[in-house]
Every structure is written in C-alpha cells, then in structure tokens.
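*Asks:* Once you've had a glance at the structure underneath, I'll fire off some questions.
The values are calculated or read from the model by the stated rules, or taken from the named source; none is laboratory data. From a predicted model like this one, the values you see are computed outputs, not experimental measurements. Virtual Cβ from ideal backbone geometry, glycine too; neighbours counted across all protein chains shown. Heads up: the accessible areas ignore ligands, DNA and RNA and are worked out on the full protein's heavy atoms, side chains in. Shrake-Rupley method; radii C 1.70, N 1.55, O 1.52, S 1.80 Å.
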Amino acid sequence: MLVALGELAFTEVLDGNMNECARLLTEMDTWRAAHQVNAPGIAWIGAEIARAHLSYELEDEFLLYHAVTRLTPYLDRIEAWPLLLIAEAASLRNTHGNEQALAHIDSSLLNLAATLPPNGAWSEYLFTYQAMLRITIGDLAQAEQLLAKCGESSTQVRLERARLALYSGDDVDALLQAQQIGTPGTTARQRLTQAMISAIAAWNCKRQDEAFLAFDTATELLQKHGLRSVLRSFPHDMLLELATAAQAAGINDIVATIEAIPEVLRSRRYERLTEMELRTLAAIAEHRSANQAAAALFITAGTVKKHLASVYRKLRVNGRDEALLQAGRMGLLLPTVEQPPL
C-alpha cells in the first residue's frame, strides 16, 4: 500500500496535479503511522521527491527539508535526481528569486558531478527548467543554447520555445507555437503553460475573445491542480493587465493571486529595440565612445545619445555597461562584438 501511494504521488507530480499529490502523501503518512511500518527498501524515494515538489507550491520549507534529509544518503542511486534538484531550486526561487535558483543548480551540478548517477530521460526536465529560469531573467541567448540540447519534438521544449518567443516580444510567433501543441498526452502543467502563453500572446495581439478563452482555461487548471508557481514564469505586468481585464469582464478573478506574487519573483519582458537602436548599441560596444560610434554610423553624437537613452529605458538599465551586458544575455549583439568585463 505504501509503495502504491508513493508511486501515485510521484506520478501526480509529473502530471502537475499538486492537490492530488498532497492528498496521496497525507494518506500515505496516515497509513504508515496507523500500521507502524515503512515501505520496503528504497521504494519510498518517489514519494519523497513528490514531497519536495509539493514544498514550493505550499511554500512549506519543512517538507523540502524532510525530503532532502531522507534522500541525500541515497543520491548516488537515484536516477531521477534532476527532479530533486529542481524542487530545491524552486523552493529557493520562492524566497530569493530566479538568479539564486540558477546559482543553486549550477553549484550543485559542479559539486555533485562525481556522485550523481546517469539521469537518462530526466535530463530534459533539468534543461527545460533552467531554460525557463533564464528566459524569465532575460537571458534569452543562454536559454536558446539549453533548449538546443533537447529533442525538437518534445512538448516541454516546444512550450519553452513559445515562452522564449513571448519574452522576445514576438507575440504572433508565441501564439502560433503554443496553438500548434496538441493537448492529448500533455500534462496538466503543460496544458496550463500552453493556455497562459496563448492568453498573454493573444491579448498583446489585440485578440480579446481568444485571450479570455485561453485565460479562463488556464485559471481553471490553476485552481483545479494547485499550480500557483506557474504564474511566476510569465511577464508579471502583462499577466496582471490580462487578469484585471478578465475580472472586469466577469470571466474569472485571480487578480489577488497575481498581486500576491512577491516582487523578487515578478519577471518582465523587455521592449524590442529598433534597428537603429541595435546598430547604435553595437557601435558603442565596438567603439566605446559616443563620438566614435557616431562617426561609424554617420550620425551625430547627440543622435547616438538619444538612441542610447531609448535603449536604457527599454532594457531597464542605468548605463552603457549594463545595457551591453543585458543585450548580450538577450542575444541582441553578435558574438564577435567585445563585451564589457563581468
């Protein structure tokens, strides 16, 4: 019975049904306490991985501590260790944001490289999760490289490519990519992500009815399965604008849920740069001074400064070096262009 309940909880986590996962784990713990027995061998591992994932949805760090404490001694025997690493990163993300979650994954992979067993099919979970984090912080170039390591036909990879298009400012492409993913065989988490990308992209394309329909589907999945963390992986201002409009239209009401997302978890989409702004930024990266950039572009230094001011505003940075760094992360500069030191 304990083995069956644990495996069912693990399966529900993979599907994204966190409410059912919580119910199964509670039943498992109650059954174990009532009969004073434990699952044989290491048959309980799936349940503890499920508990680790439940921790960030419930924002209960004790659940993660409980799971990690039990699983760490067996880490060299757990093929699905990427799922545990994702759960740890997701919990850290709740309190410290996307950058710290990425740093945790990078340091863990470095420190545990000799210990971790081959992970086979589970590697795609880790690559796509890292890609999602990088997309939400605007590191679009690195996200593209991570997705290139995965199979093109994978549903999760296709969803992350649609998210990448959304954060790149290409709403039409994001909408088309999301709509081309069929729902049969997809998980609840994937269907929620697909519906949310479609809703935001359609809203930005001024397709109100289509946006409301997709947003209503996303809201239903969100509430049914307890997947609040998914909301943290979309441009916050656009998500709030759409939710406010849906509330006013009487479609649904999750405005309070979106407003409750902590500031550290509110991602944003950077405005697209014009061709002249991109050329100006590239010239500044190569020549460093406004006068030299102006000479290379055959415009005045004042015009260069005007374009740079627009670039700083769109990339939400305070100066040249920050702009070059962010543009490099977003893949807006050619690889041959010299970047400022980190």
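*Asks:* As an exercise: evaluate Ala283 against (1) assigned to a helix (DSSP H, G or I); (2) closer than 30 Å to Trp203 by Cβ; (3) of a type in the set (Gly, Ala, Ser); (4) touching a residue at least 12 places away in the same chain (Cβ under 8 Å) and give the number of the one condition it does not meet.
*Replies:* The one condition Ala283 does not meet is (2).
*Asks:* Give Ala121, Ala131, Ala113 a once-over and let me know the one that is open to solvent by 50 Å² or more (accessible area, probe 1.4 Å) and closer than 27 Å to His96 by Cα.
*Replies:* None of the others qualify; the one that does is Ala113.
*Asks:* Starting from segment 183-200, take each residue that is within 12 Å of Phe212 (Cα to Cα) and list its partners that are in a helix (DSSP H, G or I) and among the aromatic types (Phe, Trp, Tyr), counting only C-beta distances under 7 angstrom and pairs at least six apart or across chains.
*Replies:* Ala199/Phe215
*Asks:* Something else about it: Of all residues in segment 109-125, which are within 22 Å of Ala148 (Cα to Cα) and either in a helix (DSSP H, G or I) or in contact with a Pro (Cβ under 6 Å, 6 or more places away or on another chain) (or both)?
*Replies:* Leu109, Leu110, Asn119, Gly120, Ala121, Trp122, Ser123, Glu124, Tyr125 - these are the residues of segment 109-125 that are within 22 Å of Ala148 (Cα to Cα) and either in a helix (DSSP H, G or I) or in contact with a Pro (Cβ under 6 Å, 6 or more places away or on another chain) (or both).
*Asks:* Within segment 232-247, identify whether any single residue is in a loop (DSSP other than H, G, I, E, B) and in contact (Cβ under 8 Å) with a residue 12 or more places away in the chain, and answer yes or no.
*Replies:* Within segment 232-247 (the criterion being in a loop (DSSP other than H, G, I, E, B) and in contact (Cβ under 8 Å) with a residue 12 or more places away in the chain), the answer is yes, since at least one residue qualifies.
*Asks:* Which one of the conditions (1) open to solvent by less than 80 Å² (accessible area, probe 1.4 Å); (2) more than 19 Å from Leu133 (Cα to Cα) does Glu241 fail to meet, given that it meets all the rest?
*Replies:* Failed condition: (1).
*Asks:* Among the residues of segment 250-279, what is the count of those that are open to solvent by less than 50 Å² (accessible area, probe 1.4 Å), β-branched (Val, Ile, Thr) and touching a Lys or Arg at 6+ places or on another chain (Cβ under 9 Å)?
*Replies:* Going through segment 250-279 one residue at a time, the tally reaches 1.
*Asks:* With respect to Ala296, determine if the residue is aliphatic (A, V, I, L, M) and either open to solvent by 30 Å² or more (accessible area, probe 1.4 Å) or at pLDDT 85 or above (or both).
*Replies:* Taking the combined requirement at face value, the residue satisfies it.
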